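The structure appears below as structure tokens.
The values are calculated or read from the model by the stated rules, or taken from the named source; none is laboratory data. Every value quoted in this text rests on a predicted model; they were computed, and no experiment measured them. Glycine also receives a Cβ, built like all others from the backbone with ideal geometry; neighbour counts cover every protein chain displayed.
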Amino acid sequence: MDAINGAKTTTSNNAVVTVSEAPDTEKPVITLQGGSTITLTVGDTYIEPGVSITDNKDSEAELQARLQITGWNYDTSAPGTYYLFYNVSDAAGNAADPKTRTVIVAEAPDTTPPVITVLGDNPATVTQGETYIDAGATARDDRDGDITHKIQTSGTVDTQTVGSYTITYTVSDAAGNAASATRTVIVEKGNGMEKLSVLPFTLYPNPATSHVRITGETPILHLKILNLQGALVLQTGGSGSAEMELLVFQLPAGIYIVHVFFENSFAVGKFIKE
Ligand SMILES: [Ca+2]
Ligand SMILES: [Ca+2]
């Protein structure tokens, strides 16, 4: 019996015997080529690796012609997980077990470093002996957004020494792309005088820890102490004498400006609280 050409008629002893082929009930088998999961990057072109199909009767070429691929439309413009479904039936109508391929379209890797914005003046200047307060920087990344909190700041400014200093800000995004920016800080020479006015008065000890004694030549009416931001931190009336002692132990360490009000005159001094 010829199994390939279906029914065959043979003649024997003048009798006609017709042998019918058993109906095809065997379904084709689909095998995915290229793996059941394919990973791409956004913007990549999907290339269908195809399938192989076997069947007990139909040729692969016939089955490939009847293969149906449905599901995903091959659009790789958006990241996501997509599915392709493979179906085929043989000529006798036996459907293969469908196969599914998963296509993962991954976001393109982050290769763009963050951008650091240095706030305030650059270069910044500070007078010798005064406190330098850095204005800081912000950082934004194309993927991570605001990553200001991840900025590392390095460098020091010795405000006691005239010169040029560099503050360096560095930051990396989650993918490890690094950025850095710098600020130049110039410590300028001050007037070199501890007392800003020419009115004679002394201020000691300086630096101070617990108290400051101020001695003028005329009675002191009252005193004000301001911080370098100009905020009044201490105020007191005078004692009627040319000498006063101020308790400063409660002040945070730093540099302070003293306004001394004498009769008919005014003077300004500066001291360091340790
Ligand atoms: Ca079949
Ligand atoms: Ca980035």
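Could you say which residue among 30, 47 is hydrophobic (A, V, I, L, M, F, W, C) and either surrounded by 14 or more Cβ atoms within 10 Å (Cβ to Cβ) or more than 47 Å from the chain's Cα centre (by Cα) (or both)?
Result of the check over 30, 47: 30.
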Could you check residue 157 against (1) in contact with a Ser or Thr (Cβ under 8 Å, 6 or more places away or on another chain); (2) over 15 Å from residue 119 (Cα atoms); (3) β-branched (Val, Ile, Thr) and say which number it fails? (1)
Single condition residue 83 does not satisfy, out of (1) at pLDDT below 95; (2) farther than 30 Å from residue 141 by Cβ: (1)
Might you check whether a residue that is within 16 Å of ligand 2 (Cβ to nearest atom) and either in contact (Cβ under 8 Å) with a residue 60 or more places away in the chain or in the same structural domain as residue 24 (by TED's automatic domain parsing) (or both) occurs anywhere in segment 42-62? yes
Please find, among 181, 137, 96, the residue that is at pLDDT 95 or above, within 16 Å of ligand 1 (Cβ to nearest atom), surrounded by 15 or more Cβ atoms within 10 Å (Cβ to Cβ) and not polar (S, T, N, Q). 96
For segment 225-273, the count of residues that are touching a residue at least 12 places away in the same chain (Cβ under 8 Å), polar (S, T, N, Q) and within 26 Å of residue 159 (Cα to Cα) equals 1
